[in-house]
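Structure first, commentary second.
The values are calculated or read from the model by the stated rules, or taken from the named source; none is laboratory data. Please read all numbers here as calculations on a predicted model, not as lab measurements. Because the Cβ atoms are built from the backbone with ideal geometry, glycine has one as well, and the counts that use them run over all protein chains shown. For accessibility, only protein heavy atoms count, side chains too; no ligands or nucleic acids. Shrake-Rupley method; radii C 1.70, N 1.55, O 1.52, S 1.80 Å.
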Amino acid sequence: MTTAPPAFPQARVCPHLPPPAYAELRQGPALRRVTTHAGQLAWLVTRYDQARTLLKDPRLSSDRRRPGFPVISVQVVLLTERKRQALIGMDPPEHDIQRRMFLPDFTLKKVRERRADIERIVHEALDEMMEHGPPADLYREFALPVPFRVICRLLGAPWEDRDFFQDAIRRLVRTFDTAEGRQAGAELLAYFEHLVTEYKKTPDSAGLIGRLAGTGQISDDDLALAAMSLLIAGHETTAAMISLGAVTLMENPDQLAAIRADPEAITPAVEELLRFQSIADSANLRVATADIEIDGVVIKEGEGILIPGSLANRDAEVFENPDTFDAGRDAGGHIAFGYGRHQCLGQNLARLELQIALTALWQRIPTLRMTVSAEELTARPPGAIQGIDALPVTW
Amino acid sequence: MGVEGDQRVCIGAGMCALTAPGVFDQDENGLVVVLTEAPSGEAWDKALRAERLCPSGAVRVGRSSG
Ligand code: HEM
Ligand code: SF4
């Protein structure tokens with residue numbers, strides 16, 4: 001009898017490093033079988049070239065409702081139940097039509113116009129944290145509120161309602177219980193359906209929701225779902241990257257010193273942090289809509305495919321000494337934001353937020369340090385956006 | 001053949017404008033526009049890199065003008 005394929009995704013032991021078993025998976029074939037959370041067999045892509053080839057292949061579907069879609073968590077179970085899918089779960093032509101409606105808010109130019117606003121948000125969060133600290137929780141007081149406020153402003157989601165959002169989102173993205181997650185998702189969706197109605201009554205096109213509400217380009221239901229998923233996608237990932245990025249930099253004090261000495265150095269450093277952390281094992285999930293031959297194997301129609309950055313971004317043929325954090329390297333080709341038509345819509349916003357946040361942090365608090373060792377931080381379960389929910393620091 | 005950007009397949013990720021700013025831009029709808037059809041020197045290298053990084057295949061870079 002052969003042994004059952006390994007589970008994927010797996011849990012991190014140290015929250016800022018990939019699960020130990022991933023190193024072994026990288027040594028094996030480019031495509032191999034794994035077992036998902038739901039107990040399905042699916043294909044895991046372990047190499048960079050094959051990952052990019054497949055993410056561009058039009059025969060792969062992102063539609064969570066399709067039989068065989070890899071169910072890697074309770075959260076994916078909930079998505080498979082949905083009648084309507086958000087952008088990330090759409091296929092063309094529907095996907096491309098909706099993506100183009102959102103694009104005007106995410107161009108490099110539009111994002112760069114937000115710099116002063118993001119800087120203000122970053123400094124206000126630091127002001128507040130420094131008023132009562134040290135000590136402080138860098139996740140709760142900085143890494144989380146900064147991207148949360150930025151995405152609320154971009155969408156036009158009222159900041160006064162942040163406690164509701166944060167509570168409902170936490171119940172949705174952290175639960176292991178489908179009923180609890182379903183309930184939290186329904187509350188969020190109902191909230192945004194109401195908000196869309198409000199924007200139709202009182203037009204205000206400062207934010208994305210107000211810009212699109214009532215224009216006839218998109219149905220109210222789809223806009224509400226889009227707003228909800230943009231709110232989540234726009235901060236959960238970025239908050240994880242700000243906090244884990246800070247951990248990785250504190251773990252590498254010489255490189256941190258070099259970055260602080262050179263204002264240009266933060267740009268490549270953020271790309272390397274994105275590559276090194278590759279927090280989104282839960283992204284880049286697909287199902288085959290036809291038989292696909294690649295690398296000597298045949299992915300059968302209806303089989304699930306996992307294409308995680310956590311493996312492809314550590315392909316030694318593309319990134320030399322992939323397990324070494326090297327803030328000066330050219331990591332620009334990483335697929336931490338995905339690849340193909342679903343490549344992250346918010347990537348240039350995320351880059352800017354990370355650059356600003358991780359620069360201001362040490363400008364304001366040069367002596368910042370963790371009060372526990374990196375290994376003592378608590379990792380999130382596999383299938384979640386990888387990150388931490390608390391980062392105790394002092395200065 | 002110089003540099004091409006195909007708006008029909010572009011998904012507006014902006015990798016091209018980020019990677020080779022003098023060669024590519026995004027219009028207000030987020031779609032690729034070519035600013036320099038025949039870049040040379042460093043701009044050419046950046047255009048090639050943008051072709052490699054473009055997630056949609058919209059960026060095509062032909063032969064260098066020298
Ligand atoms: C460091 C932060 C971020 C990371 C690591 C990240 C990662 C990703 C990845 C890997 C994908 C591809 C998913 C797939 O192909 O299945 C994706 C898609 C997406 N991301 Fe991000 N993301 C980040 C920040 C953001 C922000 C700030 C926003 C919004 C403001 C955002 C919105 C989206 C959306 C809407 C999609 C779906 C795009 C589509 O399907 O066309 N993300 N992201
Ligand atoms: S990198 Fe490719 S997909 Fe992105 S904006 Fe440029 S041409 Fe379009």
Between A:GLU113 and A:ARG369, Cβ-based FRET efficiency (R0 35 Å, step 0.05) works out to 0.50
Using a 1.4 Å probe on heavy atoms of the protein chains only, the accessible area for A:GLU375 in Å², nearest 10, reads 120
With Cα springs under 10 Å, the Gaussian network model of chain A assigns the largest mean-square fluctuation among A:GLY338, A:GLY234, A:GLY207 to A:GLY207
Two pseudo-spin positions, 7 Å from Cα along C-beta at A:GLU94 and at A:THR267, lie apart in nanometres by 3.9
With -39,500 (n - 2.57) per DSSP H segment of 4 or more residues and division by the full residue count of chain A, the 222 nm estimate, nearest 500 deg cm²/dmol, is -14500 deg cm²/dmol
Looking only at aspartates and glutamates whose Cα falls under 12 Å of A:LYS83's and that sit 8 or more positions away or on another chain, we get A:ASP63, A:ASP221, A:ASP222
Sorted by chain and number, the residues with a modelled amide H under 5 Å from that of A:ALA7, at a separation of 5 or more or across chains, are A:THR35
Env charge @ A:GLU353, Cβ radius under 15 Å, K,R +1 / D,E -1, value +1
Rounded to the nearest 10 Å², the 1.4 Å probe accessible area of A:THR178 is 50
Cα-based Rg then Dmax for the range A:272-395, in Å, read 17.7, 57
Listed by chain and number, the residues whose amide H is under 5 Å from that of A:ILE218, excluding neighbours fewer than 5 places away on the same chain and using placed H, are none
Here the averaged projected area of the protein assembly as shown, based on the convex hull of its alpha-carbon atoms and given in nm², is 22.2
Whole-Hz Karplus couplings 3J(HN,Hα) for the range A:50-57, θ = phi - 60° and coefficients 6.51, -1.76, 1.60, Gly and Pro as x, run 5, 4, 5, 4, 6, 5, 9, 7
Quick tally, 1.4 Å probe accessible area for A:HIS342, A:HIS123, sorted with the most first, runs A:HIS123, A:HIS342
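List the accessible area buried at the contact between A and B, summed over both sides and calculated with a 1.4 Å probe, in Å² to the nearest 100.
1700
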Rounded to the nearest 10 Å², the accessible area of A:ARG52 using a 1.4 Å probe with every protein chain kept is 40
Mean separation of Cα contacts under 8 Å (at least 6 apart) over the residue count of chain A, i.e. the relative contact order in percent, is 28
Under a Gaussian network model of chain A whose springs join Cα atoms within less than 10 Å, the largest fluctuation of A:ALA227, A:ALA257, A:ALA374 belongs to A:ALA257
Residue-normalised 222 nm signal for chain B, counting each DSSP H run of n ≥ 4 as -39,500 (n - 2.57), nearest 500 deg cm²/dmol, is -7000 deg cm²/dmol
The lysines whose Cα lies under 21 Å from the Cα of B:LYS46, excluding any fewer than 8 residues away in the same chain, are A:LYS109
Listed by chain and number, the residues whose amide H is under 5 Å from that of B:VAL33, excluding neighbours fewer than 5 places away on the same chain and using placed H, are B:ASP25, B:GLN26, B:ASP27
In whole angstrom, the spacing between the Cα centers of the range B:9-42 and the range A:244-267 equals 30
Those trypsin sites (Lys or Arg not before Pro) from the range B:1-63 that are DSSP loop and have at most 16 other Cβ neighbours within 10 Å turn out to be B:ARG8, B:ARG63
HN-Hα couplings for the range A:148-160 via Karplus (6.51, -1.76, 1.60; θ = phi - 60°), in whole Hz with x for Gly/Pro, come out as 5, 5, 4, 6, 4, 5, 4, 7, x, 9, x, 5, 4
